[in-house]
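Asker: This is the structure, below, for whatever I ask next.
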Amino acid sequence: MMRQYEALRRAYPGTLLLFRLGDFYELFGEDAVVASRVLDLVLTSRPVAKGRRVPMCGIPHHALESYLARLVEAGFRVAICEQVEDPKKARGLVRREVVRVVTPGTVTEEGLLPPRANVYVGAVVHGMGRWGLAFADLLTGEFRIAEFPDTNLVREEVARRGIREVLYPEGESPPTFPEPSPALTPYPTWRFDPETAHRALCEQFGVQGLEGFGCTEVPVATRAAGALVQYLRETQRSELRHLHRLQVEVLGQFLFLDGGAIRSLELLEPLWGRNREATLLGALDRTRTAMGGRLLRQWITTPLRDLDGIRKRLDATEELLSASARPRIREVLTRCADLERLVGRCGHGSAHPRDLVALGRTLREVATLRELVGGFRSTLLRDLAEDLDPHSELADRIERALVPDPPVTFRDGGLIRDGYDSDLDALRRAVQEAQDWIRNLEVRERERTGIKSLKVGYNKVFGYYIEVSRAYRDRVPPHYERRQTLVGAERYVTPEMKEREALILNARERMVEREQELFFGLREEVARHGPTLLRTARAMATLDVLTTLAEIAELYGYTRPEVVPEPVLEIRAGRHPVVERTLREERFVPNDLWMDAHRRIAIVTGPNFAGKSTYLRQAALIVILAQMGSFVPAEYARVGLVDRIFTRIGTADDIASGRSTFLVEMQEVANLLHNATPHSLVLLDEVGRGTATYDGLSIAWAVVEYLWKRKRARVLFATHYHELTELAERLPGVFNLNVMVREEQDRIVFLHRVAEGSSDRSYGIHVARLAGLPREVVARAEEILARLEGSGERKGVSPGLERRVEAIQTSLALGSLSPGVGWIPPDRDGAAEGGTRPRSRRRTIARQASIFHGEDPDP
């Protein structure tokens, strides 16, 4: 047995091998030591030779799922080895095989899967100056590829999609991914070879070539896809029939949201705490099916850039908004199971009887959905009605084959209906007749022998027997064979009993085998229908999302946005879709925003706590909603297509990577300065506050000018540097907005109203008082503030700062501000280079510019 174990262990390096032994999965040697520590199991040992023992620990087979979850969560790859023959029939050692390898990206156990999020496994490879990425969801059959010109983009796509595991060629360096980073799995380089990858994909899809999938244009991504298919077939030991199509994503097909934007806009997870309702997904997700919930999540993180696609979704939502059939559609969807994953389990070969029953019932509901959707006029809803195929013959067969409430496992039988299969019915009749004969045996034998206390019984050790008390031992017929002696009785069998018992046992065994054959055949038929079933599932998910968006629009007063190609952003009475839902005692104050080719950069001022960040996020969320095809929380919205949303909101040290708050901030600013386009939306909140005041102001000023001069993007810039409001007078297209407050004696009232113009105060001490600072501290702060204002230090821009800003402007205009140039701005008091200002205050803009990696001289 240990030789068998070691052979399997060598065949699956880099895994923990769960070795089935009877009712337990055992681990030996180093695997046992690791697993006992991770799973908190008792570590024992087993003798394997004279004087030699190996460490051992084990888990009950019925508790596999819970222990497997802990191992995968800890980052381990787990090979599951099963007994693939009946130990009772085995001649010698029981045959065992690894049936699949479970990794962070290939989990299929229902209890380990997030129901409303995809579990993706991906592969990356570099070649021809580009990165190729492929990723798939093992259970839903989703399989996509894309190519990216640089490492940053492929890194952000992995983060945006939430890919859990990434394969890369062995011996090469994979990209470094931001936290939470995926599990990185090296895979033999030859698996990524173009010919090998091409052959693997053609075998998987049953085609001669890949031209029909659009792979010709993305040869590097195709290599990644071929390696990924090989990995999935190798680890799952399955043909994966539901993995039947490949979707090529073109860069620019969607509004690009990097991991930072998804986090800072709180699209999927809140920045603080675990309240899912405090996210855009939580505010929108009223979907009735798990597959609808997953699709909504995808729509939020990958909004469209295709005007036609956006308008089709908006048309469908608008029609559903007033449709009397909408409540009925949503009621039917509530009764539908997760068809995507049910089909995936059939293709994977892991579906159990209850999965198929749920699939059959769901197909019955699809017929009703098709009826309800059939009368709509909008293009998208008409297309969905065509895709809603109820697969009536398959649903009928499942209903005829399986009992309504089958056992979870098919190993014990009892799952096929009477009348479905003649062979199975014959076996059942034979068992029934034999059982009837044995049930009547007790009455017959009492009458024949005259022994009134005689009884017929059964146990697992001796099978069927006749029990006679010792007082009647002399009346026992001679053809009775003694089987067991008890304290007050004897147990016997007869040749006829043994014959009937053998018939029952053999027939039962054949019944179980026949039921398994029938079930596997039924599951195989579902897998053959996989492509059309998955198309039906996608139509159901889309219908679920569209009816959800219509319901949200009705409940919360959303309106249809006008989405146009021009770079404009006009919002009247816009609201933050999440904040307005979380307010309990006060009404959300709507605000306007007007941006176009002549009003491109908004400098937003006002005190903390007044709502500047909410206003910035609100604009971005309305854009996302509009481009995902949803109505928006506003009286009116005209949204020009956005190619990417950049955010620099909030500050945090990245201690693990040794990056300070300011460095993180500057790297994010560098990213947007290099990559923003005239069609981007840029949100900047308090840029420069992580360093000395004048350094921060200088950088903030330079960033605004660079965006104005080079990028021409739509920019919302929230700041406490009131000096930046002067840019509205200097640069056409820059305008000022301020969040209004009202002063009442020694306190302020936040109005949360955004108006044209600038604010000249930050009201920091007022906010400190609201935050609960001790009165002594607040009073001392007011005293210091009065002294500073009296000395003139708060009366405007100092001469030294004015000259510094002018020098920055001159350098920008001349293009002479480049990394390494030793220009040092004047000191605060106007002193020239060589003054006595401390070194920490003599940082040059050129030194700050080095953070931009030297790719552009202007920052």
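Asker: Please list, ordered by first then second residue, the pairs with beta carbon atoms under 8 Å, 6 or more apart or interchain, first in segment 486-515 and among the polar types (S, T, N, Q), second surrounded by fewer than 17 Cβ atoms within 10 Å (Cβ to Cβ) and not in a helix (DSSP H, G or I).
Answerer: Listed pairs, sorted by first residue: 494/479; 494/481.
Asker: Report yes if residue 54 is surrounded by 15 or more Cβ atoms within 10 Å (Cβ to Cβ) and touching a strand residue (DSSP E or B) at 6+ places or on another chain (Cβ under 7 Å), otherwise no.
Answerer: Taking the combined requirement at face value, the residue satisfies it.
Asker: From the list 271, 307, which residue is touching a Gly at 6+ places or on another chain (Cβ under 8 Å), open to solvent by 30 Å² or more (accessible area, probe 1.4 Å) and among the aliphatic types (A, V, I, L, M)?
Answerer: On the way: 307 fails: touching a Gly at 6+ places or on another chain (Cβ under 8 Å).
Matching residue, one of 271, 307: 271.
Asker: Picking from 551, 585, which residue would you name as being over 26 Å from residue 720 (Cα atoms), out of contact with any Asp or Glu (no Cβ under 8 Å at 6 or more places or on another chain) and in a loop (DSSP other than H, G, I, E, B)?
Answerer: Going through 551, 585 in turn, the sole match is 585.
Asker: How do the pairs read when you match residues in segment 29-49 that are under 18 Å from residue 9 (Cβ atoms) and free of Cβ contacts under 8 Å to residues at least 12 places away in the same chain with residues anywhere that are open to solvent by 80 Å² or more (accessible area, probe 1.4 Å) and outside any helix (DSSP H, G or I), using Cβ under 9 Å and keeping only pairs 6 or more apart or on different chains?
Answerer: 45/53
Asker: Taking residue 703 as meeting all but one of (1) more than 24 Å from residue 785 (Cβ to Cβ); (2) open to solvent by 10 Å² or more (accessible area, probe 1.4 Å); (3) of a type outside the set (Ser, Thr, Tyr); (4) part of a helix (DSSP H, G or I), write down the number of the exception.
Answerer: Failing condition for residue 703: (2).
Asker: Would you check which residues across segment 425-478 are part of a helix (DSSP H, G or I), surrounded by 12 or more Cβ atoms within 10 Å (Cβ to Cβ) and of a type in the set (Val, Ile, Thr) and list them?
Answerer: 431, 438, 449
Asker: Still on this structure, I have one more. Please work out which residue is nearest to residue 78 (Cα to Cα), limiting yourself to segment 34-44 and to residues that are open to solvent by less than 50 Å² (accessible area, probe 1.4 Å) and in contact with a strand residue (DSSP E or B) (Cβ under 6 Å, 6 or more places away or on another chain).
Answerer: 35
Asker: Just a yes or no: is a residue in segment 352-375 within 25 Å of the chain's Cα centre (by Cα) and farther than 24 Å from residue 542 by Cβ?
Answerer: Yes.
Asker: Next question, about the same structure. What do you reckon, is residue 30 assigned to a loop (DSSP other than H, G, I, E, B), over 21 Å from residue 234 (Cβ atoms) and acidic (Asp, Glu)?
Answerer: No, not satisfied.
Asker: Among the small types (Gly, Ala, Ser), modelled with pLDDT of 95 or more and open to solvent by less than 10 Å² (accessible area, probe 1.4 Å): which single residue out of 573, 602 fits that description?
Answerer: 602
Asker: Right, another one. Quick one: what pairs do we get from segment 523-548, first residue closer than 15 Å to residue 391 by Cβ, second at pLDDT below 95 and charged (D, E, K, R), C-beta under 8 Å, 6+ apart or different chains?
Answerer: 527/241; 528/241; 530/241; 531/245
Asker: So if I check each of 808, 824, which one is modelled with pLDDT under 70, of a type outside the set (D, E, K, R) and part of a loop (DSSP other than H, G, I, E, B)?
Answerer: Numbers: 808 fails: part of a loop (DSSP other than H, G, I, E, B).
It is 824.
Asker: May I pose another question? Can you pull out the residues in segment 138-180 that are surrounded by fewer than 23 Cβ atoms within 10 Å (Cβ to Cβ), of a type in the set (D, E, K, R) and farther than 21 Å from residue 251 by Cβ?
Answerer: Answer for segment 138-180, where residues must be surrounded by fewer than 23 Cβ atoms within 10 Å (Cβ to Cβ), of a type in the set (D, E, K, R) and farther than 21 Å from residue 251 by Cβ: 164, 170, 172, 179.
Asker: Let me ask something additional. I'm trying to understand the selection: among the residues of segment 286-300, which are within 21 Å of residue 159 (Cβ to Cβ) and open to solvent by 10 Å² or more (accessible area, probe 1.4 Å)?
Answerer: Within segment 286-300, 295, 297, 298, 299 qualify.
Asker: Does segment 143-169 hold any residues that are under 13 Å from the mean Cα position of the chain (by Cα) and not acidic (Asp, Glu), and which are they? Lay out the reasoning, then the answer.
Answerer: Within segment 143-169, the first condition is being under 13 Å from the mean Cα position of the chain (by Cα), and the residues that meet it are 157-165.
Selection gives 158, 159, 160, 161, 162, 163, 164.
Asker: Six or more apart or on different chains, Cβ atoms under 6 Å: show the pairs whose first residue is in segment 319-342 and of a type outside the set (Phe, Trp, Tyr) and open to solvent by less than 20 Å² (accessible area, probe 1.4 Å) and whose second is part of a loop (DSSP other than H, G, I, E, B) and modelled with pLDDT of 95 or more.
Answerer: 330/288; 333/288; 333/289; 336/289
The values are calculated or read from the model by the stated rules, or taken from the named source; none is laboratory data. Fair warning: this is a prediction, and the values are worked out from it, not measured in the lab. Positions of Cβ are backbone-derived with ideal geometry, glycine not excepted, and every protein chain shown enters the neighbour counts. The accessibility values were calculated without ligands, DNA or RNA, using every heavy atom of the protein model including side chains. Shrake-Rupley method; radii C 1.70, N 1.55, O 1.52, S 1.80 Å.
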